Amino acid sequence: MRSWKASLVSAVLVSQGTSALNNGIGLKPHMGWSSWNVAQCNAASASYALDTANKFISLGLKDLGYEYINIDDCWSTKSRDSSGKLVPDPAKWPNGIKAVTDKIHDMGLKFGLYGCAGQKTCAGYPGSEGHEASDVAQLASWGVDFWKYDNCYTPCQQNPRPQTCNSPTGSTKTWYAPMRDAIIGAQNTRKINFNLCNWGRDQVWTWGADYGHSWRMSVDNWGDWASVERIGSAAAGIANYSAPGGFNDLDMLYLGSAKISATEEKLHFGLWAITKSPLVLGLDLNKISANTLSIIRNKGLIDINQDPLGKAATTFRPPGAAAPVNGKIYPYWAGPLSDGVVVGLCAGTSAGTYSVNFKDVPGLGAGSYTWKEMYTGQTGNGTSVSFNIDLHDMRVVKVTKA
Ligand code: GLA
């Protein structure tokens, strides 16, 4: 079932004679792993994909819902073959792509690849501009389940085109339409989860649900606190655009980065979870710490992220609380769940005691409630909650009617 919003969009488009991307997948934020943060181009290989798939099983991640093994930029050779086809780099894919997707499917997991709407990918590999239908046919023949689509070397007034154009010809919307249409055209052969990686350009959240199943709403997460702050704070204003079938993508989880602390990882994961971002691990599962592992295996947080209602949490201002500050993570967040309400408390700018009366929370009201906090495991009943929270830490409380 698509949301009312997506269904309405589809109905409008059908009446205009265009078909919307509505292939029954992507109804929850996708969960998985991506190669890019691990070792950039060097991780775009069969061995990384298969090793990660094995780790999904041995670390219990598959059972928690982590599903997609996504290979990012640099998986192909630098040129297409004589018939215009993409060529998997033989050094990275000695038996081709299909041999890998077959194994990953046999393990009950899914496989994704990366492409670009311009002439070249961001790292300079062949882009799909002008090759959309043929590339999708190739993906379908390999059994690819997911396609991240970037926006480098796209139409530009500058010649030659730069990696990122400041004087574009057209917009990301016009550049992404041919690939969206190719994916719709191939839907009877293979349903592909389509991720728009256009860094929030052209207010993608306002049209992304008709073009893909998720869309990057910002430039990259660079693995530091400043990135968590920049992206997390921006998620508040666009929460309403996320719904089953189309989600704001806050970018890969850069957990285990030397640039953020163990405490900051909790806020990073918790905020991505309650805002219904895809949960895509951007880390080497061979080097994961016990702390990071316990965060990414937090079933309570995953269940909140995967709640079938698919509504993103946003900020609310309790009586007496200071106003939000642009670019800073506001302390008070809430969002509806199919069986309750999630309240997020973020110590984004100062450590302290953070309290909430349930009567002030959108979706709740006067009365007594049962609650559970997902990081500490604390539970309780009553009309309010209160936590001492360290700087850059977070508490995530699921509230249900007592
Ligand atoms: C862009 C994207 C990143 C990654 C790289 C690969 O920067 O935003 O997520 O895919 O390209 O080159």
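Any residue in the stretch 143-172 that is over 30 Å from G24 (Cβ atoms) and of a type in the set (V, I, T) sitting within a Cβ distance under 8 Å of a residue that is outside any strand (DSSP E or B) and more than 16 Å from the ligand (Cβ to nearest atom)? List the pairs, counting only those 6 or more apart or interchain. That search, which allows pairs on different chains as well, returns T169/P155; T169/Q157. Only one of the numbered conditions (1) away from the ligand (no atom under 16 Å from the Cβ); (2) buried (at least 24 other Cβ atoms within 10 Å of the Cβ); (3) part of a helix (DSSP H, G or I) is violated by V228, and that is (1).
Give the residue that is farthest from G282 (Cα to Cα), with candidates limited to residues of the stretch 29-56 that are open to solvent by 40 Å² or more (accessible area, probe 1.4 Å) and within 14 Å of the ligand (Cβ to nearest atom). If we take residues in the stretch 29-56 being open to solvent by 40 Å² or more (accessible area, probe 1.4 Å) and within 14 Å of the ligand (Cβ to nearest atom), then N42 is farthest from G282 (Cα to Cα). Residue-level analysis places L21 among those that are at pLDDT below 95 and crowded, with 19+ Cβ neighbours inside 10 Å.
Inspect the stretch 175-188 for any residue being more than 16 Å from the ligand (Cβ to nearest atom), assigned to a loop (DSSP other than H, G, I, E, B) and in contact with a strand residue (DSSP E or B) (Cβ under 6 Å, 6 or more places away or on another chain) and give the result as yes or no. Lay out the reasoning, then the answer.
First pass over the stretch 175-188, keeping only residues more than 16 Å from the ligand (Cβ to nearest atom): 177-178, 180-188.
Of the ones still in play, those that are also assigned to a loop (DSSP other than H, G, I, E, B) are 186-188.
Of the ones still in play, those that are also in contact with a strand residue (DSSP E or B) (Cβ under 6 Å, 6 or more places away or on another chain) are none.
Scanning the stretch 175-188, I find no residue that is more than 16 Å from the ligand (Cβ to nearest atom), assigned to a loop (DSSP other than H, G, I, E, B) and in contact with a strand residue (DSSP E or B) (Cβ under 6 Å, 6 or more places away or on another chain), so the answer is no.
If you go through the stretch 129-161 and keep only what is in a loop (DSSP other than H, G, I, E, B), open to solvent by less than 20 Å² (accessible area, probe 1.4 Å) and within 18 Å of T172 (Cβ to Cβ), you end up with N151, C152, T154.
Please verify whether the stretch 116-128 includes one or more residues that are away from the ligand (no atom under 16 Å from the Cβ) and either outside the structural domain of N37 (by TED's automatic domain parsing) or open to solvent by 10 Å² or more (accessible area, probe 1.4 Å) (or both). Give the steps one after another, and end with the answer.
The first filter runs over the stretch 116-128 and keeps only residues away from the ligand (no atom under 16 Å from the Cβ), leaving none.
Checking the stretch 116-128: not a single residue is away from the ligand (no atom under 16 Å from the Cβ) and either outside the structural domain of N37 (by TED's automatic domain parsing) or open to solvent by 10 Å² or more (accessible area, probe 1.4 Å) (or both).
Taking the listed residues I329, I302, the one that is in contact with a Cys (Cβ under 6 Å, 6 or more places away or on another chain) and modelled with pLDDT of 95 or more is I329, with no other qualifying. Kindly indicate whether any position in the stretch 94-109 is closer than 23 Å to A273 by Cβ and crowded, with 22+ Cβ neighbours inside 10 Å. Checking the stretch 94-109: at least one residue is closer than 23 Å to A273 by Cβ and crowded, with 22+ Cβ neighbours inside 10 Å.
The values are calculated or read from the model by the stated rules, or taken from the named source; none is laboratory data. Source: prediction; values computed, not measured. Here the Cβ is made from the backbone with ideal geometry for all residues, glycine too, and neighbour counts use every protein chain on show. Note: areas computed on protein heavy atoms with side chains; ligands, DNA, RNA excluded. Shrake-Rupley method; radii C 1.70, N 1.55, O 1.52, S 1.80 Å.
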